[in-house]
């Protein structure tokens, strides 16, 4: 591993300090590309205007008309946390705006696959729908939209994924990544797109004079906690606009203004809403929602987010917590099994192969992506994990999920494999860092060899060297519990990385706890501090450069600062 301190533009850091930002935060923000105070203003008034989204005015007219005529609207969701929160935001928002006939349908990961397929369109029609609204999917659903059109449905596609060469023939498409859209935040999540559509619908209804003393204009800001959760859980880049959406959601949650389902999820995860952070979204609440889509039915997750019955919310949150525990058990067993397979591929003295491909008949398709991510993190190689499809009649079909490393565009790699070996990939799609594909089991070896060949061609020694970007040394005066609290309060996430400091320390003592974690007694600039390195079993030398996060640890009612170690260079 190579630890690389980030550059800190001195002028930007000075400007932020002059604006009243704490010196440490000014340094951290400047290193992440913030150059002025306006970028740190998280007020609602600073959000990008909805008008920048191509198609949003037409979407507002379509939905305002549907509400006025009390037409039946059905939302087609996705089975991840972004899709679930987007569905909940759409349901709650449309009802706040006066829609009385709005329902939803979420595809089953195994039986239906991803997105708006022709059978899903037929089911929507059978529900008596006039309007079909996709959230967090639809931009690639050419055939599904075609079927919906033939059935007389009007289709509104709201999505954020990258489009293919052919767009679906929907009545309206709202997607910042569609050709011709000038909306600056290309990284907005699916839930954010749907929230913006609702803002535009309200503006359209306001212009029509719909809101009166008898029907006051609804406050849509109560949806922001759900927008914040979906945005962080989908690991989209936290640009300035996304940070504002997340910050506004967190403010409301900390003030106790949140749906009862979210409150129940916080309780199930043993987290406190009053001190909520992006960490809670990404590592506590998001996984519990996602578990429903992986192992059960995402309807459970959506119902938890839309119910206003506290007792029902508690019951659903406990169910989701149980499913997540099961997911962790399955994942743990699969990870051990997968690592055994990987370890057999090369000797300890050898470098891992340029790309990793793992399959076992006992693997569960709902967690292949998580396991691929774990292997990728450990070996720093593009990794695909396959499981047998659980769909009826698809016994010899494998579903694979891949995770990549910086410098290796996974979706482009799959595209090249498909061109070189026509017919091997039945389906594929995704992004630079995460992608999925479906293959026949008999073609697994061909796929593995083809992916390794692409990796060999594209990857060099520099790309294969694991790099950890840090914020350099931590001044000893900032090694305090209140400073750790201040840092935790900030909206960190994808593209706006949480602070990791690095410098040489003295290792005074070290021991294993729980058989797989390294507990450390350190001297940081001559002063004692505790440290913990989760998942590390190998001992460290007496002097070592560590990369670490600053966090607090509570023991017998006393809060102390400790270093959460992320990596080492020695």
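Coordinate-derived values only; no laboratory data. Just so it is clear, the model here is predicted, and its values are computed rather than measured. Ideal geometry is used to build each Cβ from the backbone, glycine not excepted, and the neighbour counts take in all protein chains shown.
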| task | For a footprinting-style exposure proxy, rank 408, 279, 384 by other Cβ within 10 Å, fewest first. | result | 279, 408, 384
| remark: If R0 = 35 Å, then residue 308 and residue 110, at their Cβ-Cβ distance, give a FRET efficiency to the nearest 0.05 of 0.70
| Counting only DSSP beta bridges with both residues in the stretch 468-569, what percent are antiparallel, rounded to the nearest 5? | 90
| task | Evaluate E = 1/(1 + (r/R0)^6) for residue 542 and residue 257, where r is the Cβ-Cβ distance and R0 equals 51 Å; express this FRET efficiency to the nearest 0.05. | result | 0.50
| request: Sort the following peptides by mean Cβ neighbour count (other Cβ atoms within 10 Å, averaged over residues), highest first: 489-500, 337-348. | output: 489-500, 337-348
| message | What distance in nm separates the two pseudo spin-label positions at residue 217 and residue 272, each 7 Å out from Cα along the beta-carbon direction? | response | 3.7
| remark: For the residue 394, residue 295 Cβ pair and Förster radius 22 Å, calculated FRET efficiency rounded to 0.05 is 0.75
| field | For the chain, the Rg and Dmax computed from alpha carbons only, in angstrom | value | 24.5, 76
| query | Hey, what did the stretch 345-464 get for relative contact order, percent, Cα under 8 Å, at least 6 apart? | reply | 23
| remark: In nanometres, the difference between 0.36 nm per residue of separation and the alpha-carbon distance of residue 143 and residue 477 is 114.2 nm
| said: Within a 10 angstrom radius of the beta carbon, how do 81, 437 rank from fewest other beta carbons to most? | reply: 437, 81
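Full extension from residue 441 to residue 166: what is 0.36 nm times the residue separation minus their Cα-Cα distance, to one decimal in nm?
Gain in length upon complete extension: 96.0 nm.
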| note | Quick shape check on the stretch 468-569: root eigenvalues a ≥ b ≥ c of the Cα gyration tensor, a/c under 1.5 is rounded, otherwise prolate if a/b tops b/c, else oblate, and it reads rounded
| query | Among the DSSP beta bridges whose two residues both lie in the chain, what percent are antiparallel, rounded to the nearest 5? | reply | 65
| remark: The simple spin-label model distance between residue 466 and residue 38, using points 7 Å out along Cα→Cβ, in nm, is 4.1
| task | Order by neighbour count: 330, 375, fewest other Cβ atoms within 10 Å first, most last. | result | 330, 375
| message | If I stretch the segment between residue 556 and residue 486 completely, what's the gain in nm (0.36 nm per residue apart, minus their alpha carbon distance), one decimal? | response | 22.9 nm
| field | Calculated [θ] (222 nm, deg cm²/dmol) that DSSP helices of n ≥ 4 give over the chain, each run adding -39,500 (n - 2.57) | value | -12000 deg cm²/dmol
| task | Quick one: grab the alpha carbon gyration tensor of the stretch 128-172, order the square roots of its eigenvalues as a ≥ b ≥ c, and give me rounded if a/c is under 1.5, else prolate or oblate depending on whether a/b is larger than b/c. | result | oblate
